[in-house]
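Structure record follows, encoded as structure tokens.
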Amino acid sequence: METIPQYWVIPDIKKEDYISEQFKRESAQVAIDKVCGRFDVTWTDLIGRSREARIVEARNILFYILHKVYKLTSTDTGRFFQRNHATVLSGANRIAGFIEFDKSYEEEISKLINN
């Protein structure tokens, strides 16, 4: 029988950190599924190198949601998409700018986050 380490056995991991990281991963997957459905893209499209407008927009929206809303680090978010942290920050800030000036865009992003 294989022994699985538990959070209370490993001194460096607190229960709150374990739950928080698990929640972040599950939330990220839900967000990815919603955005893929909304923009009719696949996970392969998102991690690929395509610069097609709808794929780039979907990717940048996910950068925004994961980094700014779910508070994943830009490095961790970049690992999801095989990108570096600067790319994540650039895309997330681009979407934040759109949200700031376009209320209909803000409503669309809110629907993706809250539904």
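Mind listing whichever residues of region 44-57 are touching a helix residue (DSSP H, G or I) at 6+ places or on another chain (Cβ under 9 Å) and surrounded by fewer than 20 Cβ atoms within 10 Å (Cβ to Cβ)?
Scanning region 44-57 gives ASP45, ILE47, GLY48, SER50, GLU52, ARG54, ILE55, VAL56, GLU57.
Could you please let me know if ILE55 is part of a helix (DSSP H, G or I) and in contact with a Gly (Cβ under 8 Å, 6 or more places away or on another chain)? Before you say what the answer is, go through the steps one by one.
Values: part of a helix (DSSP H, G or I): yes; in contact with a Gly (Cβ under 8 Å, 6 or more places away or on another chain): yes.
So ILE55 passes the test.
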Tally the residues that are loosely packed, with under 12 Cβ neighbours inside 10 Å, within 15 Å of GLU57 (Cα to Cα) and either among the basic types (Lys, Arg) or under 11 Å from the mean Cα position of the chain (by Cα) (or both), restricting the search to region 71-115. 0
For region 79-91, does any single residue satisfy the condition of being at pLDDT 90 or above and either under 21 Å from ASN114 (Cα atoms) or among the acidic types (Asp, Glu) (or both)? yes
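The values are calculated or read from the model by the stated rules, or taken from the named source; none is laboratory data. Owing to the predicted nature of the structure, the values given are computational and were not obtained by experimental measurement. Neighbour counts run over all protein chains shown; Cβ positions are idealised from the backbone, glycine included.
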